[in-house]
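K.L.:
Once you've had a glance at the structure underneath, I'll fire off some questions.
Quick note: the coordinates plus some simple rules give every number you see, no bench work behind them. All values reported here derive from a predicted model rather than from experimental measurement.
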Amino acid sequence: MMAYTNFIMKKIAILTSGGDAPGMNAAVRAATRTALCNKIEVFGIERGYRGLLENRFKKLKSADVSDTIQRGGTILQSARCPEFQTDEGTAKAVATLNEKGIGGLVVIGGDGSFYGAERLTKNGIPCVGIPGTIDNDLAYTDFTLGFDTACNTVLWAINNLRDTMSSHSRIAIIKVMGRDCGDIALYSGIGGGVEIILVPEVKLNVQRLCKTLENGYKKGKKSMMIVMAEGVGSSHELAQDIRSITGHDVKITVLGHIQRGGSPSMMDRYLGTSFGVAAVRCLMNAKGGRVVGVKNNEIFDMDIFEALKIKKVFNKGLYEMAGIVSK
Ligand code: ADP
Ligand code: F6P
């Protein structure tokens, strides 16, 4: 942890970075109001690290975050900004924050955004990270902001697809997001009661998959649902393989960015609010270089350097359980 002596927090800034996620606005709102209640000025930086390099600071009052908790996306907007990762980019960002007298920065984003926060912390800017990504790929926390809402959107799609697939005895492949992480596929697949969940963490065996499909039809199932994480590969190639091996009709639905939008679920509003409060409390206690998270229903903070070292372990037990109950 970076300790800052003789440190009185007068101004903080907040940014959202990388892929937006439902619940980010709840976090911005809570962080803003917690700071204002403690007589700390708050600046929203628009468009993540890009806005930091382009000096896009906006003073936030309490009313600026009214009517936002229920909205998806991010009112501060987001961006991906490779220039920030260069030494010149970081130096410019640090100079800008120092010129404006910003004593601490709340960074809401995924692991890439946290590497940026780590870099700023190393350069003397106290940063606190809030995990905001639908992918749930940050190992130090049980859940990231946006994951629950994204899974609920996938569930909605599974339910609708089930109706039409069952009417025609078809097989559906539903391609979901998550980058290299299979959590969206795993959790929404369990919730949707699908027959097959494909994740990048478990090697795909097409022959075995086709056998499971055949057995399902033999048992009297009217449809087969396959939730496929994007990290697994091409849904079109898989559909073609299934068609040629089984002779069954296969339809593909790629959900895409629809999973990233929408009004946040109760869970994402609760987590966003709790994370926002916890992040500002860290800064008020002169704790920089931290991340906030949730473990066993407890909100906690920890060192950002340590958090980024933790490797995500795939929940094999859950995956195997899903396989058993779908048969
Ligand atoms: P996410 O935060 O959702 O993982 P990205 O990986 O796109 O999204 O990262 C968001 C931004 O964070 C990048 O555009 C870049 O500005 C910054 N960033 C990413 N990786 C690093 C890094 N290794 N060092 C410093 N900044 C980084
Ligand atoms: O990290 C969130 C995420 O939605 C991933 O699931 C996906 O792979 C990626 O971002 C898509 O990024 P973009 O919106 O830049 O296409």
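K.L.:
Among the aspartates and glutamates, which fall within straight-line cross-link reach of Lys327, defined as a Cα-Cα distance under 16 Å, with same-chain neighbours fewer than 8 residues apart omitted?
P.N.:
Glu195, Glu214
K.L.:
Show me, for region 128-141, the HN-Hα J-couplings you get by feeding each phi into the Karplus relation (A = 6.51, B = -1.76, C = 1.60, θ = phi - 60°), rounded to Hz, glycine and proline as x.
P.N.:
Using θ = phi - 60°, the values come out as 10, x, 10, x, x, 6, 5, 6, 6, 9, 9, 5, 6, 10 Hz.
K.L.:
With just the Cα atoms defining each centre, how far is region 65-136 from region 220-265? Give it in Å.
P.N.:
35 Å
K.L.:
Now, a different point. With a ≥ b ≥ c taken as the square roots of the eigenvalues of the C-alpha gyration tensor of region 151-247, please select rounded if a/c is under 1.5 and otherwise prolate if a/b is larger than b/c or oblate if it is not?
P.N.:
oblate
K.L.:
Is the C-alpha gyration tensor of region 1-118 telling us rounded, prolate or oblate? Criteria: a/c under 1.5 is rounded; beyond that, a/b larger than b/c is prolate, otherwise oblate.
P.N.:
It comes out oblate by the Cα gyration axes.
K.L.:
Residue by residue, what Karplus-based ³J(HN,Hα) values in Hz, rounded to whole numbers, does region 317-324 have, using 6.51, -1.76 and 1.60 with θ = phi - 60° and x for Gly and Pro?
P.N.:
Computed from phi, the couplings for region 317-324 are x, 5, 4, 5, 4, 4, x, 5 Hz.
K.L.:
Aspartates and glutamates near Lys61 by alpha-carbon distance under 18 Å, same-chain residues fewer than 8 away left out - which ones?
P.N.:
Glu41, Glu46
K.L.:
For Glu195, list long-range residues whose amide hydrogen, built 1.01 Å from N in the peptide plane, is under 5 Å from its own amide hydrogen.
P.N.:
Placed amide hydrogens put Met225 under 5 Å from Glu195.
K.L.:
Further, regarding this structure: Report the residue, chosen from Val176, Val232, Val107, that carries the largest GNM mean-square fluctuation when the chain is represented by alpha-carbon nodes joined by springs under 10 Å.
P.N.:
Result: Val232 has the largest fluctuation of those listed.
K.L.:
Moving to a separate point now. Would you work out if the chain is rounded, prolate or oblate? Take a ≥ b ≥ c from the square roots of the eigenvalues of the alpha-carbon gyration tensor; rounded if a/c is under 1.5, else prolate when a/b is larger than b/c, oblate otherwise.
P.N.:
It comes out prolate by the Cα gyration axes.
K.L.:
Past the 23 Å Cα-Cα mark, which pairs from Lys10/Lys59; Lys122/Lys295; Lys221/Lys251; Lys219/Lys251?
P.N.:
Lys122/Lys295
K.L.:
Taking amide hydrogens as modeled 1.01 Å from N in the peptide plane, which residues meet the under 5 Å criterion relative to Met228, leaving out close sequence neighbours?
P.N.:
The list, which skips near neighbours in sequence, is Ile174, Lys175, Val176, Leu198.
K.L.:
Which aspartates and glutamates, if any, have their Cα less than 14 Å from the Cα of Lys203, not counting same-chain residues under 8 positions apart?
P.N.:
Those aspartates and glutamates meeting the cut-off are Asp180, Glu230, Glu320.
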